[in-house]
1. With the requirement that a residue be touching a Gly at 6+ places or on another chain (Cβ under 8 Å) and surrounded by fewer than 15 Cβ atoms within 10 Å (Cβ to Cβ), what does the stretch 60-88 give you?
2. Could you list, in sequence order, the residues of the stretch 64-91 that are closer than 19 Å to residue 8 by Cα and in a helix (DSSP H, G or I)?
3. Given the options 91, 118, name the one that is surrounded by fewer than 16 Cβ atoms within 10 Å (Cβ to Cβ) and among the hydrophobic types (A, V, I, L, M, F, W, C).
4. Quick one: residue 53 ticks every box in (1) among the hydrophobic types (A, V, I, L, M, F, W, C); (2) at pLDDT 90 or above; (3) farther than 14 Å from residue 7 by Cβ bar one, so which box is it?
5. I'm told residue 10 meets every condition in (1) modelled with pLDDT of 80 or more; (2) in contact with an Asp or Glu (Cβ under 8 Å, 6 or more places away or on another chain); (3) of a type outside the set (Val, Ile, Thr) except one. Can you identify the failing condition by its number?
6. Collect the residues in the stretch 78-106 that are among the basic types (Lys, Arg) and closer than 13 Å to residue 58 by Cα, keeping them in residue-number order.
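The values are calculated or read from the model by the stated rules, or taken from the named source; none is laboratory data. A quick note: this is a predicted structure, and the numbers were derived from the prediction, not measured. No Cβ is skipped: glycine too gets one built from the backbone with ideal geometry, and neighbour counts run over all protein chains shown.
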Amino acid sequence: MAKPKYFTVERDGDAVIFSAIGALGTLVEDAAREEWDALLAQIDDSSAEHAVIDLGALEYFGSIMLELLVVLWKRVSASGGKLALCNVSVVGKEILATAKFDTLWPIVDDREQALETVRA
């Protein structure tokens, strides 16, 4: 896989951490979706049970990010895992609240808290 432009993925024991690293807008939607799919394929065969989404690099995001969150949540929850979000900007929290997604997943300050949350 080429060097990521929009997301990175790393492993922390029984959890996988997806980090947004580049702005997601309508102009990059297809490229971001392809990159996300490639990252998901990397973890499909792994034993990761939980997922953490680090949104620290994004001041705001739109429907593409919301869709990707739902896709990952469905995959994780299907195997009994949990998902948490961290490093979400004020605007990001407003977006999640507007979409009512703030009721689906815990939103915490940092990765350490997110990992503790999914493992609790």
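1. 62
2. 64, 65, 66, 67, 68, 69, 70, 71, 72, 73, 75, 76 - these are the residues of the stretch 64-91 that are closer than 19 Å to residue 8 by Cα and in a helix (DSSP H, G or I).
3. Values: 118 fails: surrounded by fewer than 16 Cβ atoms within 10 Å (Cβ to Cβ).
None of the others qualify; the one that does is 91.
4. Among (1) among the hydrophobic types (A, V, I, L, M, F, W, C); (2) at pLDDT 90 or above; (3) farther than 14 Å from residue 7 by Cβ, the lone unmet condition for residue 53 is (3).
5. Of the numbered conditions (1) modelled with pLDDT of 80 or more; (2) in contact with an Asp or Glu (Cβ under 8 Å, 6 or more places away or on another chain); (3) of a type outside the set (Val, Ile, Thr), the odd one out for residue 10 is (2).
6. As a first pass, look at the stretch 78-106 and keep what is among the basic types (Lys, Arg): 82, 93, 100.
Across the stretch 78-106, the qualifying residue is only 93.
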